[in-house]
Each structure stands twice: as C-alpha cells, then as structure tokens.
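Student: Dropping the structure in here first, questions after.
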Amino acid sequence: MNYSAKFRFYEELNDFLPAGRRKVSFTYSFSGSPTVKDAIEAIGIPHVEVDMILLNGSTVDFSYRLKDNDDVSVYPVFESFDISSVTHLREKPLRDIKFIADVHLGKLARYLRFTGFDTIYRNDYDDIEIISLSQKEQRVILTRDKGILRNRLVTRGYWLRSQDPIEQIGEVISRFDLKKQVSLFSRCSLCNSLLTNVKKDEVKDMLLPKTVMYYDDFKICTGCNKIYWQGTHCDRLIKLIEKHIK
C-alpha cells in the first residue's frame, strides 16, 4: 500500500534539493514503514547535515518510522546555536574541531592549516580510510562528494557548496562558527604539525640572502622543519581569506 507524508527542509539543506522542492512543503510517497532517516536520504539529504527533525510538531530521532499523513520538518546542523532542549541527532558540536579533507580538497586543506585548523589530507585516501580516520580521531569530513556523507558510519561531515578553495575556507569557518579560533601561521601548511618561533640566527643558513636581509621573524615546523616567514605572498593570501570569512 502506498502512503504519503509532507516534508519541508530548512536553510542550507535546500542546497541538496531540486528547485521545485526548495523552501516549500512537498509530498513524499512511500510504501511500508521506512525510517525518517531512510526517507530523508532517499530525498537526497545526507544524514550528517541534519540535526533536528520535527514530526507533527514534536522532535524525533532518525529511527522514527513514517506513517501516512505525517508532517515532517527537517533542520540543518546548528553549530552556532544552543538548541539543547530539543532532540539532537548528533553529539554536541565539537569546539576543538578537527578536519579530514577528501582527495579533491588539497588546496582547502592547506588553507585550513594556514588558518590554524588541524586538517589531515592525502591525495590517495579512499572513502573507507577517510571514514575510519574520521571515526577514530573525531574529525569532520569535508567533501564535495555527497555519496560519502550518506554512508551510515559517517557521523560528522560537511558537503562544500563552492568549488573555489578560497571561498571554501570562508564557507567552513562560517559554517562551524570558527572565526574566533582562526590562528594564522600556527600550523604547517604542508604536514599539519604545529609551528614554533625560531631565532633568525638559527635558520639563516637555510634561507636565501634576500630573505635574510628583509625579514626578521621566523617560525619552524615541529614536524618537517620547513621555515616560515610572513612575506608579501602571505599578506595577499591573508587578505583573500579574510574577505571570505563572514
């Protein structure tokens, strides 16, 4: 027997929907008694993007089984707001947030490290490795692949809307309310290790003569020993990133 329920998705969840279903209630037809999670994912929304479901005005979790004529409102993850009095579908937001970027997001990974965020990345990770590391180290998966976020084992993830790495860094910082946690030049953009101050005399033999002449403040990576200083290219990058941080 066929049944139907009314669904309405809010805010950025509409990014996953075709134009005719965005920001409006629409009818979802089903048979049997699927869970509301199965229905949401069948509609096209990765479950990790959802944090609250109202069913006929009351909160329910993913295990609720749809009934005929149900009225379902679905809300996105609230990283920036306190909605502790309702039924969350995820653990509370991570404040000491860490990321793992998929194989297509190498530039974003470097920019996140540049702004101080613990981000692991390798261009040969497969989906299983990414999901495993996300679980083991409590990392948020960043991806442009909706498929990985539909895996039932994924509990934290975010689908990036933009394809531009600079816009993506702004998107991540805004999405997870991280503006106050930005810490430029605190983490190595290559290996993700922390940076520490180093005296110029200790590293001048590793630098080009003009760098020694024009710069005095240096940092060294505690992991790979790469030397950092704030040159003009860094100033340009800072301005670009700040432009996209809301």
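The values are calculated or read from the model by the stated rules, or taken from the named source; none is laboratory data. Treat the numbers as computed from the prediction; the structure is a model and nothing was measured. Using ideal geometry, Cβ is built from the backbone for each residue, glycine included, and neighbour counts are taken over all protein chains shown.
Student: Could you check E167 against (1) at pLDDT below 95; (2) more than 23 Å from R236 (Cβ to Cβ); (3) in a helix (DSSP H, G or I) and say which number it fails?
Tutor: Among (1) at pLDDT below 95; (2) more than 23 Å from R236 (Cβ to Cβ); (3) in a helix (DSSP H, G or I), the lone unmet condition for E167 is (2).
Student: Further question: Examine the stretch 227-235 for a residue that is exposed (fewer than 14 other Cβ atoms within 10 Å of the Cβ), assigned to a loop (DSSP other than H, G, I, E, B) and touching a Ser or Thr at 6+ places or on another chain (Cβ under 9 Å), and state whether such a residue exists. If you could, list the steps in order and put the result at the bottom.
Tutor: Taking the stretch 227-235 first, the residues exposed (fewer than 14 other Cβ atoms within 10 Å of the Cβ) are 231-233, 235.
If we keep only those that are assigned to a loop (DSSP other than H, G, I, E, B) too, we end up with 231.
Add one more test, that the residue is touching a Ser or Thr at 6+ places or on another chain (Cβ under 9 Å), and what stays is 231.
Checked the stretch 227-235: at least one residue is exposed (fewer than 14 other Cβ atoms within 10 Å of the Cβ), assigned to a loop (DSSP other than H, G, I, E, B) and touching a Ser or Thr at 6+ places or on another chain (Cβ under 9 Å).
Student: Looking at (1) buried (at least 17 other Cβ atoms within 10 Å of the Cβ); (2) within 27 Å of the chain's Cα centre (by Cα), which one does T35 not meet, given that it meets all the others?
Tutor: Only one criterion in (1) buried (at least 17 other Cβ atoms within 10 Å of the Cβ); (2) within 27 Å of the chain's Cα centre (by Cα) is unmet by T35, namely (1).
Student: May I ask you to list the residues in the stretch 12-31 that are within 30 Å of the chain's Cα centre (by Cα), surrounded by 12 or more Cβ atoms within 10 Å (Cβ to Cβ) and not in a loop (DSSP other than H, G, I, E, B)?
Tutor: Scanning the stretch 12-31 gives E12, L13, N14, D15, F16, R21, F26, Y28.
Student: Only one of L149, L194, L178 is under 16 Å from the mean Cα position of the chain (by Cα), at pLDDT 90 or above and either not assigned by TED's automatic domain parsing to the domain that holds C234 or not small (G, A, S) (or both); which? Break it down stepwise before answering.
Tutor: Values: L194 fails: under 16 Å from the mean Cα position of the chain (by Cα); L178 fails: at pLDDT 90 or above.
Being under 16 Å from the mean Cα position of the chain (by Cα), at pLDDT 90 or above and either not assigned by TED's automatic domain parsing to the domain that holds C234 or not small (G, A, S) (or both) holds for just one of L149, L194, L178, which is L149.
Student: Return yes when I120 is at pLDDT 95 or above, surrounded by fewer than 20 Cβ atoms within 10 Å (Cβ to Cβ) and closer than 23 Å to R187 by Cβ and no when it is not.
Tutor: Numbers: at pLDDT 95 or above: yes; surrounded by fewer than 20 Cβ atoms within 10 Å (Cβ to Cβ): yes; closer than 23 Å to R187 by Cβ: yes.
Answer is yes for this residue.
Student: Enumerate the pairs (first residue in the stretch 203-217 and surrounded by 10 or more Cβ atoms within 10 Å (Cβ to Cβ); second residue anywhere and among the basic types (K, R)) with beta-carbon separation below 9 Å, excluding pairs fewer than 6 apart on the same chain, so at least 6 apart or on different chains.
Tutor: Qualifying pairs under 9 Å: L207/K200; T211/K204; V212/K200; V212/K204; Y215/K200; D217/K200.
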